[in-house]
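To start, the structure itself, in structure tokens.
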Amino acid sequence: MTKRIVVATWIIVVIAFVLRFYNYNNRWGLAYDQAHDALVARYALEAGKIPLVGPFSSAGAFQTGGEWYWLIMGATALHPQSILTPWIMLTLLSVLFVYSIILVGKELIDKRYALVVGLLSAFSTAQIAQSVNLTNQSPIALVSLFAIWSMTRYVKTRNKIYVFFLFFFPVLAATIHLQGAALIVLPVVTFLFVGIPPLSQAVLGGLGIILPLTPILLYDIQHKFFNIRNM
């Protein structure tokens, strides 16, 4: 049965890969936001700069964190000769999401459940469409999945390292795009069920909050707390 599960897993991943890369040249998008973010990342690489903040949020006059630009910069640096490199990176992350949700599904319930959620995500029209859309909403699915995994691992093991990730991933998601802020419900629900963590774990949780916010804090210290005030 284990071999069948492994084979089924890789079949699902291959399906996800094919559906996301099929007719790719006619599907990847180059709207204003995508072009802007790709150019900012290229300029940052050429100028040797690290952006501390990202695009302005549609929710108000404040900016997200620079992590979104870092992701595009990392992809662009691998193959700067191609315009498509950041889009391909994003599509590969969408395939990684399918594989990861299978692993998380196995952790949550069992192997059969893992295959079901993996198959649903592989054929998800929303995921397929978003996989070629270079906007900062796109990585939120994968970061959210890591947050759910962290919650599951902490509930099962009570290992303090997962407290760090339980706060790190929701805050990271929020700094990439504000819709990720909804993930803060995960640590709240977790500690409602398992109780308040000891001080050593709380410190790790605080570190998980501060680390993704550091770029914005560094920027705001130099700019009269522009983003924090407008949030």
In order through the stretch 113-123: 3J(HN,Hα) via Karplus (6.51 cos²θ - 1.76 cosθ + 1.60), integer Hz, x for Gly, Pro: 4, 4, 5, 5, 5, x, 5, 5, 5, 5, 9
Cα-based Rg / Dmax (Å) for the chain: 18.9, 60
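Rounding to the nearest 20 debye, state how big the charge dipole of the chain is about its Cα centre with +1 on each Lys and Arg Cβ and -1 on each Asp and Glu Cβ.
On the way: 15 positive and 7 negative charges, 138 e Å.
Result for the chain is approximately 660 debye, rounded to the nearest 20.
How high is the relative contact order of the stretch 130-184, in percent, counting Cα pairs under 8 Å that sit 6 or more residues apart?
On the way: 58 pairs, mean separation 19.3, N = 55.
Taking the mean separation of contacting Cα pairs over the length of the stretch 130-184, I get 35 percent.
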Qualifying lysines (Cα of each under 30 Å from Cα of K49; at least 8 residues distant if same chain): K224
Gap separating the Cα centres of the stretch 20-92 and the stretch 155-231, nearest whole Å: 24
Dipole axis of the stretch 1-146 (+1 Lys, Arg; -1 Asp, Glu on Cβ), positive-most option in V95, S144, N25: V95
Built amide H within the under 5 Å cut-off of Q63, gap 5+: S57
Whole-Hz couplings from phi, Karplus 6.51/-1.76/1.60, listed for the stretch 222-227; x for Gly and Pro: 8, 10, 6, 6, 4, 5
Over the chain, relative contact order from alpha-carbon pairs under 8 Å, at least 6 apart, %: 22
For the stretch 1-108, the spread of Cα positions along each principal axis, largest first, Å: 53, 32, 26
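FYI, it's all coordinate maths here, none of it is from the lab. Here the structure is a predicted model, which means the values were calculated and not measured. Every residue, glycine as well, gets a Cβ built from its backbone with ideal geometry; the counts of neighbours run over all protein chains shown.
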